[in-house]
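All remarks here apply to the structure that follows.
The values are calculated or read from the model by the stated rules, or taken from the named source; none is laboratory data. Note that this is a predicted model, so its numbers are computed, not measured. No Cβ is skipped: glycine too gets one built from the backbone with ideal geometry, and neighbour counts run over all protein chains shown.
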Amino acid sequence: MTEKSTYDAASLPDLLPIYYKKLFPYGLYYRWLNYGGVPKSYFTNREFSFTLKDDVYIRYQSFADQQEMEKEIQKRCPYKIDIGAVFSHKPKDHKTVKAAAFQAQEKELVFDIDMTDYDDVRTCCSGADICEKCWPLMQIAVKILDRALEEDFGFEHRLWVYSGRRGVHCWVCDETARKLSQNGRTAVAEYLSLVKGGEHQNKKISLDTTRLHPFISQSLEIVKARFYDYAVKKQDFLGDEENHKKVLSLITDETLRTELEKNFTSKEYEENTSKTAWAVLRKHVETKKSEANYKGSKYVLEEIMLQYCYPRLDVNVSKGVNHLLKSPFCVHPKTGRVCVPIDPKKIDEFDPMAVPTISDILEELNSVEKEDSNKKTKEFNKTSLKECTQVFERFVKKLEETWKGKGKMIEQSDMTMEF
Amino acid sequence: MYYFEAPRGILSLKNFETYATLRLNFLSRVLKCRNDINEFLAITTDPEIVAASDIFLEGSYKDLISHFTLRLLLASESGACSFLVQAETRLFQFRLQCLSDTELSRFLSFTEKRLNKIKKSGKTLYAEHSLVSYTQDILYRVKSSDLSWKTVVAQCRENRHHSFFTVPFTVVPHLVAKRIVTLHNGLASVPYQYLHDVLRHCFELNLIHGVQYCKSLQGNLDKRCRVLKHRLMIMLQSKFRLPDFPSTTAISPLSQQDILLESGSFPPCMSVLFHSLQTNHQLHHHSRVQLTLFLKEIGMPVQEALQFWKHQYSMAPHGDPRSGCGPKWVGKERRYTYSIRHLYGLEGSQVNYRAHCCASLQEFIPPCGSNGGCPFKHFDDAALGQLLQSEDIMETTDILALRAENQFSCACSLYLKRKAIKPLKSQSMCTCSPTKEPKAKKARLENHSPGIHNQERDSFIGQREMEDKHWSGDQSEVLGSRTGQGYSLTKTVKPLMNSKRAADTQTIQNLGESQRRLDMDTSNPCGNVDSSD
């Protein structure tokens, strides 16, 4: 096994050209974004944006076909590619069209989960860092959201992508999703949001209904299954006094909170592990709730668990028909990692630290080509990108099946038409 | 009440113009009712409206003519379109509410028959055909295949919990957003009590589609139509601040150095951001957009803005343990520059964005960990208490009470009023004499209130806030109902209401396309500078 080379951002200008020549999966990528050529202009009216070296940013890129796209990407070697909306006209011609006439018409429904949004509830890292102690948050996010998108909304074509550093993206590509208005997108995003509030809102979850909506109960199940392992063992979320305070600040019932405060400061607490703290917390809450005069929230514990674990998505990213989002298979300039598709059903086996960097892959390619000069094997299949590309391939194939029965599709879209 | 087909016939030019004008007037008033049926009923008894009532009489030929005239003439102006869709949908909603149960079931039955007739006639274009099928499908689902309309209406009235119909979730987005309905495989189970919402959705969709179609006819517009259109647009602009309305012109430019001084009279939403910027030397994307637009609105030219942001971002955050992040401007200068220039209308689609108004900030959903939005809505009690305390405001009960009722702008007015009567603190770094300073602030802050209402106000705190207590919780309702948005337009229209709020150093909300682009473009003018990855 060749030694893994360390990635150096300065070498990007040398590495990217090779990556874009040999490894970027243009074929599959085009098959995806072309959506079977219905309508014919779907691909040509799609906006791409490039971020080039030295932070030069160009919008309104569009291509006639796969060939032109390949050529352009290989020529420019963008540090980052964003995918935007499908417009009413070719984006590259937008200056020749009257402003009012040039409009974004369709785009995939997207979600962006960013680890920095969890900074107030992570004890291990902050900012752009992630580690195996906080990565479970992403696992929880993928599980909860993917289930809801599939079962509640009936979306069948969901592409999950690792963002290369600190989060995941989801691209929902069903026709209904692509045709959703801003209203519709906001509705989906808000349905999926439980954690609400910015910097000045300490308690971000309130479950104040007597009965929980099935979406919430199903999400809670997923959280509960992983909570102990994540919050108690990995995060040690009740491990010291400061953290006690943080957790207790989420309890609105005064008497309960003061009681717990007292408990946590008592001598028997010297051990100060989250394990015992959590057990004590639960015991007290249960006892309190069973008392006749308890007027507080029924879901105290659930609210705490959700505040610490529930997916935090930015509604603003999802709601815009025009919002540009980083493309799969880009290389993240800071980490060198490729933005690889993830199989949501296998999210627990996915290790972000093991995602190959561009230097790794190019090394692999070099050594493999020395041994096996079979020109027929697609380049990316010779590297550790193979598996992720297979995920992508399965996704594209599944999409392709839908536009085989074209007549059927028109009927379906009549039923759920957005204009 | 559904306007499916345009009427045919011959009309005198005078009537053509009169009907359209009267309807526009009427619709403006309807929209200002917000969501209160009583306010609507009050309008209908207004003698001026009664005199022209046959135009507003549902189903009358004048009603049809005036409706389709407005559709045709306003189709190409995005701000006016947005107004039209919202106002007509609101009118539809009120009309629905005025129907008795018998009338409602008759209406539904009649609509069903009409749709069948249209479909059979085969004269429609493909797109319209789909729309007809779509609406028929929804009605069919509402009937749960075998109920009579009478039963449907009865179930709607009785609010029985276990009776519901299923429709695609896109039919009831606001119910989905609040998780009022359960979803399965893309279908929402809607309790019958929400029947009106579904009917309204069909109305809105139909109207939006119709407006789109009219847009395509604009090339052949008769000259007389164009004259009328021009007149109608002027009328509309005098009542609502539309996107094309030029920003205040006679305002002295705000320079970097003056900001600190002026910040003392910023509304709390902006001063929070400003102080955060001064401490941390960076802001989250949306907060940055909000503050940039605000500074632009109060007169900061683009060059000054670029200097200001560069200066702020180049400093290291105070006592930040993660100071390793260092100055933020380096390496991102191009991106931030592009972003700021974009907001000034110098890049991309070159839209001259307006600052957010109160409604917009209140509707804003801040991502976790970011500030931005309206402090009276987005701050929790502790943070808000701190804010009030920091301005030495002692009487807080009424402010907090208003906020508890979701009357955020009212609460803010009170706050500003109390703050203004406090003696100027020395920390405000005022180097001018006290008498000079308030004038400067006043002048600047007043200047971008909507032209028509300037004369009503002598201080930047309006007179009527205190009285206007029914700026009600219906705000959330209006936000929830989100009419006029099928075509990606989100913001509710609350122009005049905002003008009377103290915190209307925010300007009137844009209608329509420009605002939509604001949402689309500024949410990501250049691929989101705080790239989340």
Report yes if A:D120 is facing chain B (nearest Cβ under 7 Å), modelled with pLDDT under 95 and within 21 Å of A:V340 (Cβ to Cβ), otherwise no.
no
Exactly one of B:F26, B:F56 is within 21 Å of B:Q97 (Cα to Cα), at pLDDT below 85 and not charged (D, E, K, R), and that residue is B:F56
Only one of A:P328, A:P341 is within 16 Å of the chain's Cα centre (by Cα), more than 14 Å from chain B (Cβ to nearest Cβ), in contact (Cβ under 8 Å) with a residue 12 or more places away in the chain and surrounded by 16 or more Cβ atoms within 10 Å (Cβ to Cβ). Can you tell me which?
A:P341
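Which of the residues that make up the range B:54-68 are loosely packed, with under 15 Cβ neighbours inside 10 Å and assigned to a helix (DSSP H, G or I)?
Pass one, the range B:54-68, residues loosely packed, with under 15 Cβ neighbours inside 10 Å: B:54, B:57-61.
Matches in the range B:54-68: B:D54, B:Y61.
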Kindly provide the set of residues from the range B:142-181 that are over 19 Å from B:T111 (Cβ atoms) and small (G, A, S), ordered by number.
B:S163, B:A177
Selection from the range B:163-217 of residues that are farther than 18 Å from A:A187 by Cβ, out of contact with any Cys (no Cβ under 7 Å at 6 or more places or on another chain) and polar (S, T, N, Q)
B:S163, B:N206, B:Q212, B:S216
Given the criterion in a loop (DSSP other than H, G, I, E, B), among the hydrophobic types (A, V, I, L, M, F, W, C) and more than 11 Å from chain B (Cβ to nearest Cβ), identify the matching residue among A:A277, A:A292.
A:A292
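Quick one: would you say A:G36 is at positive phi and in contact (Cβ under 8 Å) with a residue 40 or more places away in the chain? Don't jump to the end; show me each part of the working.
Numbers: at positive phi: yes; in contact (Cβ under 8 Å) with a residue 40 or more places away in the chain: yes.
Criteria met by A:G36.
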Listed residues B:L295, B:L277, B:L260; which is closer than 25 Å to B:G373 by Cβ, modelled with pLDDT under 90 and part of a helix (DSSP H, G or I)?
B:L260
Among residues of the range B:1-49 being in a helix (DSSP H, G or I) and over 29 Å from the mean Cα position of the chain (by Cα), the residue surrounded by the most Cβ atoms within 10 Å (Cβ to Cβ) is B:F16
If we ask which residues in the range A:197-247 are at positive phi and in contact (Cβ under 8 Å) with a residue 40 or more places away in the chain, their number turns out to be 1
Of the residues in the range A:336-352, those that are more than 30 Å from A:F102 (Cβ to Cβ), of a type outside the set (V, I, T) and in contact with a strand residue (DSSP E or B) (Cβ under 9 Å, 6 or more places away or on another chain) come to A:G336, A:R337, A:P341, A:D343, A:P344, A:F350, A:P352
Scope the range A:186-209; condition touching a helix residue (DSSP H, G or I) at 6+ places or on another chain (Cβ under 9 Å) and among the acidic types (D, E); matching residues:
A:E190, A:E199
Please determine, by comparing only the residues of the range B:369-379 that are at the interface with chain A (Cβ under 9 Å from one of its Cβ atoms) and modelled with pLDDT of 90 or more, which one is farthest from B:A401 (Cα to Cα).
B:G373
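What helices (runs of 4 or more DSSP H) completely inside the range A:1-91 contain at least 2 residues that are closer than 25 Å to B:K332 by Cα and away from chain B (no Cβ under 13 Å)? So that I can check it myself, show each step before the final result.
Details: elements: A:12-18, A:26-34, A:66-76.
So the answer is A:12-18, A:66-76.
This table checks each residue for (1) in contact with a strand residue (DSSP E or B) (Cβ under 8 Å, 6 or more places away or on another chain); (2) under 16 Å from A:D82 (Cα atoms); (3) away from chain B (no Cβ under 13 Å).
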| residue | (1), (2), (3) |
| --- | --- |
| A:M305 | no, no, yes |
| A:P311 | yes, no, no |
| A:N322 | yes, yes, no |
| A:K334 | no, no, no |
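Here is a check on your reading of the model: is A:V317 part of a helix (DSSP H, G or I), within 24 Å of A:L149 (Cα to Cα) and modelled with pLDDT under 95? First the steps, then the outcome.
On the way: part of a helix (DSSP H, G or I): yes; within 24 Å of A:L149 (Cα to Cα): yes; modelled with pLDDT under 95: yes.
So A:V317 fits the description; yes.
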Would you mind telling me which numbered condition in (1) outside any loop (DSSP other than H, G, I, E, B); (2) closer than 27 Å to B:D222 by Cβ B:T89 fails?
(2)
Of all residues being in contact with a Phe, Trp or Tyr (Cβ under 6 Å, 6 or more places away or on another chain) and more than 8 Å from every other protein chain (Cβ to nearest Cβ) in the range A:178-220, which is surrounded by the fewest Cβ atoms within 10 Å (Cβ to Cβ)? Just the residue, please.
A:L207
